[in-house]
Amino acid sequence: MVTPMPAGHSVLHQSEDSGAPYPLALRLIHWFMALTIIGLISLGLYMTSLKEHSEELYFWHKSFGMLAFFLILLRMAVRARSRIPGFPLSMQPWERKAAAAGHGLLYLLMLLVPLAGYTDSSAYVHSSGIHFFVVDLPQLIPDNEQVQKIANLVHKLASYALAGLLVVHVSAALKHRYFDRDRRSDVFPRILIRWRRRD
């Protein structure tokens with residue numbers, strides 16, 4: 001269960017544009033999630049291309065899928081309690097609105113994909129369990145073929161939508177970095193992890 005957010009805050013709450021980077025905790029979660037999600041989508045596409053079922057691949061897919069779900073919950077909790085820099089004022093109004101909508105949809109899909117995957121596996125009559133590396137999580141959804149089929153379809157469609165939105169997300173970041181005339185629109189440095197050297 002997600003911890004309640006302070007009044008007046010939302011998952012995408014932002015302060016005024018300051019050019020400051022995102023908090024280090026959010027930057028670390030961002031890149032770890034990026035690697036996890038790219039790996040999960042790649043593994044999912046590979047699994048569906050196989051003619052024979054591979055229980056070992058499903059084990060890793062479920063484990064990292066649940067990890068991604070727990071990470072997005074952590075990310076939402078950290079973000080709700082952090083001061084988030086606003087979008088650069090040099091961006092066009094429609095760009096800021098599109099970015100806000102895109103971020104909101106990303107969060108929605110990052111929640112929906114693992115939840116649908118969990119429901120799919122839990123409702124599947126012949127499921128091997130909800131694996132999370134060294135432990136198996138409770139299967140809260142009773143066996144139900146119809147529910148399983150719907151959850152499986154939602155999981156696939158939402159995964160494709162997430163993959164497509166990630167391409168748009170990365171493309172927009174590259175556009176602001178390399179093609180915008182106003183260098184203040186470059187948001188990439190805000191999410192980079194830079195380690196300071198000790199003297």
Cα-based equivalent ellipsoid of the chain: semi-axis lengths in Å, sorted from largest, via gyration tensor: 34, 18, 17
Only Lys, Arg, Asp and Glu count, each charged at its Cβ (+1, +1, -1, -1), so figure out the dipole size of region 100-199 about its Cα centre, rounded to 20 debye. 940 debye
Column: log10 I(q)/I(0), Debye, Cα scatterers of region 149-199, q = 0.17, 0.26 Å⁻¹: -0.69, -0.94
Helix-only mean residue ellipticity at 222 nm for the chain, each DSSP H run of n ≥ 4 adding -39500 (n - 2.57), per residue, nearest 500: -21500 deg cm²/dmol
Got a number for carbon plus sulfur as a percent of the chain's accessible area, 1.4 Å probe? 65 percent
Kirkwood hydrodynamic radius of region 114-196, from inverse mean 1/r over distinct Cα pairs, in Å: 15.9 Å
Determine, for each peptide in 48-54, 23-29, 176-182, the mean count of other beta carbons within 10 angstrom over its residues, then list the peptides with the highest first. 23-29, 176-182, 48-54
Going by accessible area, probe 1.4 Å, with all protein chains left in place, what is the ranking of TRP60, TRP94, largest first? TRP94, TRP60
Estimate the FRET efficiency between ARG190 and LEU74 by the formula 1/(1 + (r/R0)^6), using the beta-carbon distance for r and 25 Å for R0, to the nearest 0.05. 0.80
Estimated distance in nm for a label pair at ALA161 and ASP136, the labels positioned 7 Å out from Cα along Cα-to-Cβ: 3.2 nm
Just to verify a number: what accessible area does LYS97 come out at with the full protein assembly present, 1.4 Å probe, Å² rounded to tens? 150 Å²
Probe 1.4 Å, protein heavy atoms only - accessible area per residue of the chain in square angstrom: 64 Å²
SER54 and SER90 label points (each 7 Å along its Cα→Cβ direction) are spaced in nm at 4.5 nm
Reciprocal mean inverse distance between Cα atoms of region 21-117 - Kirkwood radius, Å: 15.2 Å
In straight Cα distance, which lysines are under 27 Å from LYS156, not counting same-chain residues fewer than 8 positions off? LYS51, LYS62
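The values are calculated or read from the model by the stated rules, or taken from the named source; none is laboratory data. On a predicted model such as this, the values are computed, not experimentally measured, just so you know. Positions of Cβ are backbone-derived with ideal geometry, glycine not excepted, and every protein chain shown enters the neighbour counts. When the accessible area is computed, the model is the full protein with side chains, heavy atoms only, and any ligands, DNA or RNA have been set aside. Shrake-Rupley method; radii C 1.70, N 1.55, O 1.52, S 1.80 Å.
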